[in-house]
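Here's the structure we're looking at; comments come further down.
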Amino acid sequence: MSSTVGKVIKCKAAVAWEAGKPLVIEEVEVAPPQKKEVRLKILFTSLCHTDLYFWEAKAQDSVFPRILGHEAAGIVESVGEGVTELAPGDHVLPVFTGECKECAHCKSEESNMCSLLRINTDRGVMINDGKTRFSIKGKPVYHFVGTSTFSEYTVVHVGCVAKINPLAPLDKVCVLSCGISTGLGATLNVAKPTKGSSVAIFGLGAVGLGAAEGARLAGASRVIGVDLNPSRFEEAKKFGVTEFVNPKDHKKPVQEVIAEMTDGGVDRSVECTGNVSAMISAFECVHDGWGVAVLVGVPHKDAEFKTHPMNLLNERTLKGTFFGNYKPRSDLPSVVEMYMNKELEVEKFITHEVPFHEINKAFELMQKGEGLRCVIRM
Ligand code: NAD
Ligand code: ZN
């Protein structure tokens, strides 16, 4: 490994040249890491719906050519100037949102919205010099959310890298670097259901089922799963979801259906769809007086959330979160430990696996709504 330090590495990356067109495996040049950056050898990555949105670029603005990918696990190849917290050989999870440990957010116990490194889907370059570390025959290829893990090597800001237990199997814990931790944290850290309470989960993909795991760990007695895709329901039973509602099966709005099932509403709800009507339903289905709804899905760029203010005056609370309120560097290693201690099962989220050259299959599966996470072996 050390022979590559300070040099450009040529390797394979899956490049998105245009919106919605299959990724192309290309030979790319990856520049060495600069100040406060690390270069990672990615071993496993998986596809999250956020990658799909920015690849489709229908509901989101995107930059091309770009290397997508943010759910992954790898090993530090080399470190740039001023990096003392990581060393070559460390096992790590890159994260789409960072933790500088110096700003007001990082110092606050309540926030994970680092001023310097919070998620930025528009930026396609590194912060240090405003340039990209990827190129093809000298022409720039842009980054995605500071991680760009659909490449054998990538350069990431040190604040977006969590050092984890070297014994953790990287082909499993790669999925903890976004979706599952996001859902889990949205329930445990933000919705905070109490033992015996009822929780509605909107969207039963990996993020929603991560949220369901959180409800199970918190001791919720009723977990109501809401999805438009009925094939999700069978799978969701493995995650402790106790009841299912398909909005398509009802004439009434789904929030009314849930209110009837629960004598006025659920205690907590977590929205993991990205659809704004589902967000509104998730808010309106919580009980007045104490209900808390948490939004997690990434909305359409023009989406607007509308509800009658009386729904709030009646003492319902609406919240939102990125990455389940976990501070990536400080908290993610302990989520990995939850898996190592067998408190959290990760295997059941991994329904497919493909070699890197078949990465487009992972996109097809997600578009068809088949399976949960597809791990891509580099
Ligand atoms: P996924 O595609 O695997 O699952 C989404 C599920 O929602 C699907 O089963 C789909 O059928 C269902 N759904 C869609 N519209 C619905 C509706 N109107 N009502 C009910 N169900 C509906 O996606 P995922 O990877 O689990 O991601 C879920 C969402 O979370 C996406 O919007 C993604 O961008 C977002 N996300 C947010 C964060 C964050 O930090 N806030 C992190 C990761 C992902
Ligand atoms: Zn994600």
Exercise for review: Would you please give the FRET efficiency between Glu243 and Ser277, computed as 1/(1 + (r/R0)^6) with r the Cβ-Cβ distance and R0 = 22 Å, to the nearest 0.05?
Suggested key: 0.60
**Study point:** Estimated inter-spin distance, Glu85 and Asn314, nm [label 7 Å along Cα→Cβ]
**Key:** 4.5
Review point. Over the chain, one equal point on each Cα, no solvent: what is log10 I(q)/I(0) by the Debye formula at q = 0.08, 0.13 Å⁻¹?
Key: -0.39, -1.00
Exercise for review: Would you please give the FRET efficiency between Asn165 and Thr194, computed as 1/(1 + (r/R0)^6) with r the Cβ-Cβ distance and R0 = 41 Å, to the nearest 0.05?
Suggested key: 0.85
Review point. Exactly which trypsin sites (Lys or Arg not before Pro) in the stretch 124-213 are in a DSSP loop and have at most 15 other Cβ atoms within 10 Å?
Key: Lys131, Lys137, Lys195
Practice item. With runs of 4+ DSSP H residues as the only contributors, calculate the mean residue ellipticity of the chain at 222 nm using -39,500 (n - 2.57) per run, divided by the residue total and rounded to the nearest 500. Key: -6000 deg cm²/dmol
Practice item. Calculate how steeply helix 359-368 sits against the longest principal axis of the alpha-carbon atoms of the chain, using the helix alpha-carbon long axis, and give the answer as 0 to 90 degrees to the nearest 10. Key: 10
Review point. What is the gain in length, in nm to one decimal, between Lys21 and Asn360 on full extension, counting 0.36 nm per residue of separation less the C-alpha to C-alpha distance?
Key: 121.1 nm
Check your understanding: Once the Cβ-Cβ distance between Ser135 and Arg377 is put in as r, and R0 is 22 Å, what FRET efficiency do you end up with, to the nearest 0.05?
Key -> 0.30
Study note, to complete from the structure: Pseudo-spin-label distance Leu116 to Glu345, built 7 Å along Cα→Cβ, given in nm, is 4.1
Exercise for review: Would you mind computing, in nm to one decimal, how far apart the modelled labels at Glu102 and Glu304 are, each placed 7 Å from Cα along Cα→Cβ?
Suggested key: 4.1
Study note, to complete from the structure: Descending packing, highest mean Cβ count within 10 Å first, for 364-377, 302-315, 324-337 is 324-337, 364-377, 302-315
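Read-outs throughout are calculated quantities, based only on the coordinates presented, and are distinct from any laboratory measurement. This is a predicted model, so every value here is computed, not measured. Reconstructed Cβ throughout: ideal geometry from the backbone, glycine too, with neighbour counts over all protein chains shown.
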